[in-house]
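Enquirer: Handing you a structure now.
The values are calculated or read from the model by the stated rules, or taken from the named source; none is laboratory data. Everything numeric in this text was worked out from a predicted model, so none of it was measured. Note: ideal-geometry Cβ built from the backbone for every residue, glycine included; neighbour counts use all protein chains shown.
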Amino acid sequence: MLYHLYEMNHIALSPLRKIAKCQKEMLDTSYNPFANTVLHKSILASYELFENSTRRYDKPEWKLPYTTINGIPVPVEDRVVWSKPFGSLVHFKRADGHLDLIRKPGHVDPRILLVAPMSGHYATLLRATVEAFLPDHEVFITDWTDVRNVPTSEGKFDLNDYINYLIEMLEFIGPGAHVLGVCQPGPAVLAAASIMAEDNNPNRPASMTIMGSPIDPRKSPTAPNKLAEEKPMSWFRRNVIHTVPYPNKGFMRRVYPGFLQLAGFVSLNRGRHLKAGKEYFRNLVKGDNDSTEKHREFYDEYLAVMDMTAEFYLQTIEWVFKEFRLPKGEFMHEGKLVKPEAITDIALMTVEGENDDISGIGQTQAAHDLCVNIPADMQVDYVQPGVGHYGVFSGRRFREEVAPRVKEFMRSNTNWKKEQLAQQELARKMWKHLQKG
């Protein structure tokens with residue numbers, strides 16, 4: 001019922017949004033005699049604030065038209081190279097012609113699969129992460145689907161399916177790639193690597209990097225960890241799971257709605273968001289275009305949210321945050337026990353933020369305690385001083401301090417001869433996929 005009320009409210013406000021937009025466009029002209037008055041600018045700012053606070057934010061664009069290699073701009077095209085109903089694999093294709101002018105013959109860059117969290121925001125939340133790796137990596141990223149657009153005829157999608165998607169993506173990319181999981185997907189990345197290692201899957205990755213992730217939420221529990229542990233599963237089913245309303249394609253699918261997830265994000269920093277809204281209004285009135293544009297860019301991303309399936313959300317809450325199945329050695333995948341100790345030749349790096357208030361210190365490091373058979377010289381644990389959760393994968397310190405360490409770790413665990421052969425085979429796979437599309 002709550003989801004239906006949300007949709008009805010959005011539709012009911014639609015005429016008012018259109019009126020506000022029309023009024024703003026009509027008044028925002030140099031011919032208006034009151035154009036330079038504070039009253040006129042305040043009215044325009046009010047219209048814009050109303051429109052922005054009541055509209056629905058669509059999936060953001062990647063906005064990565066080029067990367068810079070050795071000081072030379074190289075065009076980049078993001079394209080889907082593998083897809084299934086609940087997610088796609090996006091490749092950031094750097095223009096071959098430009099690379100041929102920069103690189104030595106036969107040069108290849110390591111392949112990396114960035115696993116984006118499926119926890120409310122779109123994969124574009126990792127835009128800065130993609131941007132950091134583009135100059136010297138072949139970058140792929142998981143692009144999860146907003147499930148309110150997935151018909152119920154496509155079936156379920158739970159944590160087991162999520163792990164299967166990761167394995168299939170790694171098999172598509174080929175042997176010896178590197179996988180990097182940010183936040184929520186850490187347990188799934190570790191599980192996928194464990195399964196591939198135990199099965200001696202030839203397409204298992206050369207390394208895995210896990211950043212700010214709840215491998216063992218019992219360590220340094222944060223407010224979200226405590227909420228998940230304290231509330232019974234019946235509370236989550238009753239309060240956060242709703243049915244997708246008509247006319248969405250996923251009509252009747254049970255989901256954890258994006259707008260509820262967003263409400264949770266905002267409530268964690270309510271004061272900061274209120275302050276940002278007030279500053280945005282003042283800057284609109286002052287005509288501070290640089291500040292207002294930065295505000296728009298941030299909130300266009302932050303307010304764009306997606307639904308996730310009820311079964312995936314509830315299973316994650318129960319298995320990861322309440323029963324701690326992975327660190328207890330009880331994590332099952334389709335009836336089979338997941339064994340991190342089976343990993344012997346996949347290098348492991350963990351990255352944490354000193355001030356992370358979502359995944360506390362030690363939660364990600366716990367992966368090293370589970371992967372007991374990875375040689376010591378193939379393991380790296382790094383804690384970034386002075387950053388919170390988002391600073392682990394974006395921002396200045398990520399670019400200058402975290403990313404270079406992760407790149408060096410990956411390069412030191414790359415088999416270059418196998419890399420060249422794997423990329424040749426991958427190019428054929430991607431060409432076939434694009435031809436079919």
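Enquirer: Select from segment 245-263 the residues that are outside any loop (DSSP other than H, G, I, E, B) and in contact (Cβ under 8 Å) with a residue 12 or more places away in the chain and list them in ascending order.
Expert: Of everything in segment 245-263, those that are outside any loop (DSSP other than H, G, I, E, B) and in contact (Cβ under 8 Å) with a residue 12 or more places away in the chain turn out to be 254, 255, 256, 258, 259, 260, 261, 262.
Enquirer: Mind checking which residues of segment 205-224 are closer than 30 Å to residue 140 by Cβ and either outside the structural domain of residue 331 (by TED's automatic domain parsing) or assigned to a helix (DSSP H, G or I) (or both)?
Expert: Scanning segment 205-224 gives a single hit, 224.
Enquirer: In this structure, is residue 381 among the charged types (D, E, K, R) and not in a helix (DSSP H, G or I)?
Expert: yes
Enquirer: Shifting gears a bit: Check segment 344-360 and report whether any residue there is surrounded by fewer than 18 Cβ atoms within 10 Å (Cβ to Cβ), touching a residue at least 60 places away in the same chain (Cβ under 8 Å) and either in contact with a His (Cβ under 7 Å, 6 or more places away or on another chain) or assigned to a helix (DSSP H, G or I) (or both).
Expert: Scanning segment 344-360 turns up at least one residue that is surrounded by fewer than 18 Cβ atoms within 10 Å (Cβ to Cβ), touching a residue at least 60 places away in the same chain (Cβ under 8 Å) and either in contact with a His (Cβ under 7 Å, 6 or more places away or on another chain) or assigned to a helix (DSSP H, G or I) (or both).
Enquirer: Looking at segment 311-343 only, could you name the residues that are in contact with a Phe, Trp or Tyr (Cβ under 6 Å, 6 or more places away or on another chain) and either more than 22 Å from residue 358 (Cβ to Cβ) or surrounded by fewer than 16 Cβ atoms within 10 Å (Cβ to Cβ) (or both)?
Expert: 338, the sole residue that qualifies.
Enquirer: While we're on this one: Considering each residue of segment 366-384, count those that are surrounded by 19 or more Cβ atoms within 10 Å (Cβ to Cβ) and either within 18 Å of residue 321 (Cβ to Cβ) or small (Gly, Ala, Ser) (or both), and give that number.
Expert: The total comes to 3.
Enquirer: Residues in segment 292-313: is at least one in a helix (DSSP H, G or I), touching a helix residue (DSSP H, G or I) at 6+ places or on another chain (Cβ under 6 Å), in contact (Cβ under 8 Å) with a residue 12 or more places away in the chain and over 30 Å from residue 207 (Cα atoms)?
Expert: The answer is yes; a qualifying residue exists.
Enquirer: Additional query: Do you know which residues across segment 347-398 are of a type in the set (Gly, Ala, Ser), touching a helix residue (DSSP H, G or I) at 6+ places or on another chain (Cβ under 6 Å) and more than 24 Å from residue 206 (Cβ to Cβ)?
Expert: Scanning segment 347-398 gives 353, 391, 394.
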